[in-house]
1. Is it the case that some residue within the range A:220-236 is of a type outside the set (S, T, N, Q), surrounded by fewer than 16 Cβ atoms within 10 Å (Cβ to Cβ) and part of a strand (DSSP E or B)?
2. Kindly establish whether A:Pro207 is within 14 Å of chain B (Cβ to nearest Cβ) and at pLDDT below 95.
3. Condition (residue is under 22 Å from the mean Cα position of the chain (by Cα), within 15 Å of A:Ile130 (Cα to Cα) and of a type in the set (Asp, Glu)) applied to the range A:29-46: is it met by at least one residue?
4. Would you tally the residues in the range A:175-219 being outside any loop (DSSP other than H, G, I, E, B) and surrounded by 21 or more Cβ atoms within 10 Å (Cβ to Cβ)?
5. So which pairs qualify, if the first residue must be in the range A:49-62 and aromatic (Phe, Trp, Tyr), the second must be open to solvent by less than 50 Å² (accessible area, probe 1.4 Å), the Cβ gap must be under 7 Å, and the two must be at least 6 apart or on different chains?
6. Just to be sure I understand the filter: pairs with C-beta atoms under 6 Å, separated by 6 or more residues or on different chains, first member in the range B:1-21 and in contact (Cβ under 8 Å) with a residue 12 or more places away in the chain, second member surrounded by 10 or more Cβ atoms within 10 Å (Cβ to Cβ) and not charged (D, E, K, R). Which pairs pass?
7. Suppose we filter B:Ile123, B:Ile80, B:Ile94 for residues that are away from chain A (no Cβ under 11 Å) and more than 13 Å from B:Ser38 (Cβ to Cβ); which single one remains?
8. Could you tell me whether the range A:90-108 includes any residue that is in a strand (DSSP E or B), in contact (Cβ under 8 Å) with a residue 24 or more places away in the chain, away from chain B (no Cβ under 13 Å) and under 22 Å from A:Lys177 (Cβ atoms)?
Amino acid sequence: MISHLANTLALRNRALSVVVATTGSATLAATATGFTRATGSFLTDGFSVGMDVVTSGFTNAANNGNGVVVGVTATTLTVSMYVVTITNGAQSVTRPATVIEASASGRTIAAKLPSMRAFENVDLIPAAGIPYVEEDYAPATHTLIAGPRQGGIAEETGLYMLKLYGPTNVGVGALRKLADALAALFAGGTILTSGAGAVRIRGDVAPVPAQILPQGNGWSVLPLSVYWLANSSNTIAA
Amino acid sequence: MGAFADQVRQFTAKAEQLSNDVYANVVSATFNSIVNGSPITGSPGQPVGQYGPGYHPGEVGGALKASWQVSGIETGDALISTYSPYAVQNEYGISATDGPYVQHTTIGGRHSVAQTIGGFGRIVADEVAKATK
């Protein structure tokens, strides 16, 4: 039998490696409302309103961290920074403004998996306007596909679902680009190390991003279904 | 040649009947997987209300489960659908309020459609095996 813990972590770590959009190491300045650049383009780099981004390389600490894109042009990225703090189980969210900082090299802005994550059996309190992701890991079938009974090949299948939540009424760019980037990471046939074994993304039922579903509560959600299978040696306990 | 042609006709008729039977059984098994769950696909089936105000203790059933229907099977283009507004929320496990989705019943679960899609090949293989036994 496979290790479903190892499987979950393998799939999760794959999702965590996603990069949706990035400036790479670039020459950027900070303003009171976000970031600017003299060369290159935030649009070409793939940024969209509603994306969750991570900024780094700035001198002022207030310009490094997490934020949500609220406006994009080629040379200006308007970002609402946020800081989530949990103290004694209580969550608080502050939204400090960026601080003016002259242009310099070695700075990066990247959109990855949203930093607010409700992984399996982990509750999350959504904060208004800040994208988040929920994870579901659902085993499906377990079949002895080749004998003998002891030591034969057992095949297990299941579903790994990521539900991508973003602010409603900001268009499709942020959620669709995130879903597309994740689907590319889970292309059919991809093999991931899972503990002492491996988990394979099925090619007969490739990753399927669903429709964007407005929830009427300020959120829209886009579920992404990833079908996996894994084999193991069938072991019958004494 | 006449006898051979007859044999071919008989084989064709038998194959066509088998094909029709398998198709109908696959549709039925797929519907059953989504609504009631299936060990073939791993689908848990639709949740059924059991407890609390508004539910009916001792009764098996529920508006969500009853909302699923299959149509068009006679055209060769079957459609399995639901008219329940809660079906999508339950399928994906999306809470109507901020916070995690909570299922208030021990019967059924989430992702029944997705698991049925993932296990559709097994449904077809199972029905073919039964028909050709």
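1. As a first pass, look at the range A:220-236 and keep what is of a type outside the set (S, T, N, Q): A:221-224, A:226-230, A:236.
Narrowing further to those that are surrounded by fewer than 16 Cβ atoms within 10 Å (Cβ to Cβ): A:236.
Of the ones still in play, those that are also part of a strand (DSSP E or B) are none.
Taking every residue of the range A:220-236 in turn, none turns out to be of a type outside the set (S, T, N, Q), surrounded by fewer than 16 Cβ atoms within 10 Å (Cβ to Cβ) and part of a strand (DSSP E or B).
2. Working: within 14 Å of chain B (Cβ to nearest Cβ): yes; at pLDDT below 95: yes.
Spelling it out, A:Pro207 is indeed within 14 Å of chain B (Cβ to nearest Cβ) and at pLDDT below 95.
3. No, the range A:29-46 contains no residue that is under 22 Å from the mean Cα position of the chain (by Cα), within 15 Å of A:Ile130 (Cα to Cα) and of a type in the set (Asp, Glu).
4. Residues of the range A:175-219 that are outside any loop (DSSP other than H, G, I, E, B), as a first pass: A:175-185, A:191-194, A:197-201, A:208-209, A:213-214, A:219.
Going one step further and asking which of them are surrounded by 21 or more Cβ atoms within 10 Å (Cβ to Cβ), we end up with A:175, A:178-179, A:182, A:194, A:199, A:201.
Summing the residues that are outside any loop (DSSP other than H, G, I, E, B) and surrounded by 21 or more Cβ atoms within 10 Å (Cβ to Cβ) in the range A:175-219 gives 7.
5. The qualifying pairs are A:Phe58/A:Ala30; A:Phe58/A:Glu101; A:Phe58/A:Arg107.
6. B:Leu18/B:Ala131; B:Asp21/B:Ala131
7. Working: B:Ile123 fails: more than 13 Å from B:Ser38 (Cβ to Cβ); B:Ile94 fails: away from chain A (no Cβ under 11 Å).
One residue alone meets the criteria, B:Ile80.
8. Yes, there is a match, as at least one residue in the range A:90-108 is in a strand (DSSP E or B), in contact (Cβ under 8 Å) with a residue 24 or more places away in the chain, away from chain B (no Cβ under 13 Å) and under 22 Å from A:Lys177 (Cβ atoms).
The values are calculated or read from the model by the stated rules, or taken from the named source; none is laboratory data. Worth saying up front: this structure is predicted, and the values here are computed from it rather than measured. Every residue, glycine as well, gets a Cβ built from its backbone with ideal geometry; the counts of neighbours run over all protein chains shown. Side chains included, ligands, DNA and RNA excluded: accessible areas come from the protein's heavy atoms. Shrake-Rupley method; radii C 1.70, N 1.55, O 1.52, S 1.80 Å.
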